[in-house]
Amino acid sequence: MNSSVKQKTLLIIFISVAFIYIVRLFYLQVVDTSYVFFAQNNVLQEQTIYPARGLIYDRKGELLVYNDAIYDLSVIPDQVRNLDTTEFCKVLNISKEEFLSTFARLKRQKGYSKWKPIVFQRQITIPTYAAFQEKLFDFQGFFVEVRTDRKYKHSNAAHVMGYIGEVTDRDIEKSDGYYRMGDFMGISGVERIYEKELGGIKGTRYVLVDSKNRTQGRYKNGEFDTAAIAGKDIHLSIDQELQALGEALLQNKTGSVVAIEPRTGEVLALVSSPSYDPNLMVGRERGNRYMELLKDPSKPLFNRPISAPYPPGSIFKVIVGLMGQQEKVLFPNTSYGCNHGYLFVGCHPHGSPLALRGAIAVSCNAYFCQVYRSIVNNPRYKHVEDAYTEFYKHAYSFGMGHALGIDLFGEGQGVLKKATYFDKIYGRHRWQALTTISMGIGQGELGITPLQMANATAAIANRGYFYTPHIVKKINNRANPNPKYTTKNWTTIDTGYFPVVIEGMHDVIENGTARIAKIPGIEICGKTGTAQNPHGKDHSIFFAFAPKNNPKIAIAVVVENSGFGATWAAPIASLMMEQYLTGKHDTRKALLERMLNGNLTHRNDSARFKTK
Amino acid sequence: MIAPDSKPSRIDWITLVLYYFLVIVGLLCVYASVYKETNPNIWDTSENYGRQLIWIGISSFIGLMILLIDEKFFFAFAYPIYGISVLLLLAVLVAGTTVKGSSSWIEIGSFRMQPAEFAKFGSALALARYLSGYNVQYEKDKKVQLISAGIILLPMIIILLQNETGSTLVFTSFIFVLYREGLPGWILFAGFVLVVLAVLALLVSPVYIIIGLTLLAALFLYFVRRTNQLILITVGAVILAGLMVSSIDYVFENVMQPHQRTRINVLLGKEVDIKGAGYNVQQSKIAIGSGGLWGKGFLQGTQNKFRFVPEQSTDFIFCTIGEEFGFVGSLIFIGLYIFLLYRLLMMAERQRQKFNRIYGYSVVSILFFHFVINVGMTLGIMPVIGIPLPFISYGGSALLSFTILLFIFIRLDANRVNELRNFS
């Protein structure tokens, strides 16, 4: 082999190597674009900026809910390097087993990726946070995220405000990727319904980081960053003082109070008893406490005022009185005699015969059975079904038998049957007023939630219309923009038929069944109800509005299994109306004491355990 | 010592221009790899690039000195230089400073140098001197072959003892020199086959390789005209290969340390360990790959700047070129480098003196080996062997030693006309 061949051989080797390298470079740099993506991941760190959640105030501007900083310890598993596990566990005060099992658990979690930040330990204490922050440099891959949790200034209105909690997989899916694992969102109450307003919009910050995850600066001077938009503040229509009083009055009782401002439909108080302290539903123990509350046989999580249907009992007589007039089968001077009842419906002793106003005042069962019969058996209609449908329409127009559309989660429909329901049971045309006569006095196939009761009261107070009840008065200091809450809903009863009924309701307080509810100087109109209850003692029910002219508050009170409407529900409603209208509730000390201290829970124990 | 008749005009200006081009590219890359917006001063000697600039100055000065020395000096002092470098290597072995696991550094005050770098041109000079001796014929004389091998192996072994695998392997590049001087081509080919077999041995079980080789041998013998000699050679080759494959497997499993095994496994793609042993390579590939066709622009590289690539201003300097200047820049760079090697090859071949030619080939081989391993490593197709990219990588003693290596050859080449004159 001569030298020039050898020289050429070497040259060929050089050129082959160069060629291979160039092909390789072409592949890496031009063909395979994935490295650009890798490079971005290496350098660009997307940081989420959590917006402050909107604050919640009551109608007078008193702060109810605010934010509290919490510190979550997060980790990007991929970036953990040379971790001194012993030291790490010492700072966090956990055992090595816990450390390992936590990591194992994180790995099993849905959506786990070793490139993505994931919460290692939730809500570490402030001393731990401080200790950790000092050593952060030793614990590569770990970092502390500051977020906010809720704090409640008062222990009231848990059912109104609801609570926030971690998003579920479904929420993440539904949100189109907005929420990420570990994010908080409203789970119930106003927090849930107004999640969009309260939650704000998360911001993103792109920072350049080096291989040790140390921030090197903003990416393109923040050109692509988006600022977090803080959540909007919300003013509830709730009156904190009234709410607190309501809850105090219902303590150790099972029941509900709903108070509405008739002029606007704003809910002034929404009490559900038994309740719980909303501060239980924050922090690390949220899950455990929730489970405890869920298991509690007294069902503190159950939002009674908006979901529990009760037979309205005698308060329904007012509505029946209005329907009869509208159907022109009842006139203010129509009188019926009462001989301790009507057919199989009994009645208590009172003067007889009575006209409409008096019948309301003494709550005569026989009278309203007669009225109901004349409505349903109205000869103007060919069939009883048609007449009953009118009855149905009237009741429906007061907001019964359907969800009103309050801005809370889990509103019930109540019970109001259509004519077809009775057709199914009795056969078409084979039933009439007497078949369903107990509905005339608010029993039978009727179920009304306390919210619907209060709403009907508001409709009566307004002489024929109501605004859909709502909890949120202002968002960002502007009136609740939902047009539903500023639209008058007219009932099917003409305004002219109301005065006589209202006079009757006024008599109920002045000299009727609810004299106990009387407040000197305030004209109250109300009606007691004692709803028979197949499961135990009667429910004590009362609804009222005041003052008679220019009503400012309409209220419905239900105290379960406590007897007559005048015994518990009427005094509680009276005290609350006094509070709202005068700002005082202690003018009748004995009554107040009796209501506050009344403990009805023991009586229900047996019933409660039976239902359990 | 300074030769009055030396003709600087005979200096190969193309090589000199290429040298300075590469050195400046190197400086810019070092600058880019540690560049901070807060401290853009390239003259800052507390930073790598400032120091590199000083080293360029020192190298230029020494280079100039070399050009001014009589070329006979190198022939005359080839052995002493070789001896000194071997002594220095031994000294390091005894009193060296350990840097990153290899005790190959000598520290004199703040000055730190790696004698292995100087052993390269020392060995080149000694080999050239020996083979250019009177009546020395490499092709025919076994003794010459053994002594040549000895000249190369002596520093190799000492450097290996210093735990400097990279520099040790550089000495294998002398095989090209020996090939030029008469080493049969089949040895070069056999060496290539051995490397392939060694890699295969690590990838698949030796049993399969032996079965495969046997089948191949049987097929070969079936199709060719069989002579007893051919059969014997074939069978012998298969047995030898089988033994080698088995022993490689044994060494790999039982002799090598775990971290060495991991490195090899990652390179062979048997283990995917992006953040462990493969981290450097993965990051390097990301940096180069993200450069795209045109690159991100000078000082715009994000991967390099934020130190995702370890050892970036030294061993992984090519990443900066790949990321900031893209495929086009890399293409130009590789083209120029190969052009330099080609130029040196041409120069070596045009020498009339054997000494000059052998030395020239040594320079080409050493530079080529560095280039192949270093760039190949950043591209993920060569093992991660920590050797610098000549003229580009940060590092004073490396730059100086490569400059000396190259400039001696430039000096030798510059004299070729004089030789012509003298002889005619």
- Note on the structure: One finds, for A:ASN333 and A:THR582 with R0 = 51 angstrom and r their Cβ-Cβ distance, a FRET efficiency to the nearest 0.05 of 0.90
- Would you tally the net charge around A:ILE493, using a Cβ to Cβ cut-off of less than 15 Å, leaving A:ILE493 out, and scoring K and R as +1, D and E as -1? +2
- Query: How do A:378-389, B:133-144 rank on mean C-beta neighbours within 10 Å, highest first?
  - Reply: A:378-389, B:133-144
- Lys/Arg Cβ at +1, Asp/Glu Cβ at -1, dipole of the protein assembly as shown taken about the Cα centre: which of A:ALA554, A:TYR497, A:GLY265 is farthest positive-ward? A:TYR497
- In debye to the nearest 20, the charge dipole size for chain A, taken about the Cα centre with +1 at each Lys and Arg Cβ and -1 at each Asp and Glu Cβ, equals 780 debye
- Task: Select from A:GLY563, B:TYR361, A:LEU322 the residue farthest towards the positive end of the dipole of the protein assembly as shown; place +1 on Cβ of Lys and Arg, -1 on Cβ of Asp and Glu, and compute about the Cα centre.
- Result: A:LEU322
- Assigned charges on the beta-carbon of Lys, Arg, Asp, Glu; the protein assembly as shown dipole about Cα centre (debye): 1240 debye
- Note on the structure: Averaged over the residues of B:287-300, the number of partner chain Cβ atoms within 10 Å of each residue's own Cβ comes to 4
- Item | Spatial separation of Cα centroids for segment A:417-440 and segment B:205-235, in angstrom | 103 Å
- Peptide ranges B:408-415, A:253-260 listed from the most packed, as the mean C-beta count within 10 angstrom indicates: A:253-260, B:408-415
- Approximate spin-label separation A:TYR381-B:ASN163, in nm, with each point projected 7 Å along Cα-to-Cβ: 10.0 nm
- Query: Per-residue mean of other chain beta-carbon atoms within 10 angstrom of the beta-carbon, peptide A:3-16?
  - Reply: 5
- Message: List the pairs from A:LYS196/A:LYS552; A:LYS153/A:LYS518; A:LYS8/B:LYS354; A:LYS382/A:LYS418; A:LYS474/A:LYS552 whose alpha-carbon separation is above 22 Å, in the order I gave them.
- Response: A:LYS196/A:LYS552; A:LYS153/A:LYS518
- Item | Under 19 Å from A:LYS527, Cα to Cα: aspartates and glutamates that are on another chain or at least 8 residues apart | A:GLU261, A:GLU503, A:ASP507, A:GLU510, A:ASP538, A:GLU560, A:GLU578
- Note on the structure: The extension gain from A:PHE137 to A:ARG180, computed as 0.36 nm times the residue separation minus the Cα-Cα distance, is 12.9 nm
- Message: Considering only C-alpha atoms, what is the centroid distance from segment B:108-182 to segment A:88-166, in Å?
- Response: 61 Å
- With a 10 Å Cβ neighbour count serving as the proxy for reagent exposure, in which order, fewest first, do A:GLU145, B:GLU164 appear? A:GLU145, B:GLU164
- Farthest toward positive dipole pole in chain A [+1 Lys/Arg, -1 Asp/Glu at C-beta], among A:MET281, A:GLN47, A:HIS585: A:GLN47
- Using per-residue counts of other Cβ atoms within 10 Å, averaged over each peptide, order A:508-516, A:99-107, B:348-356 from highest down. A:508-516, B:348-356, A:99-107
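Values quoted throughout were computed directly from the atomic coordinates according to the rules given, and no laboratory measurement underlies them. These numbers come from a predicted model, not from an experiment. Because the Cβ atoms are built from the backbone with ideal geometry, glycine has one as well, and the counts that use them run over all protein chains shown.
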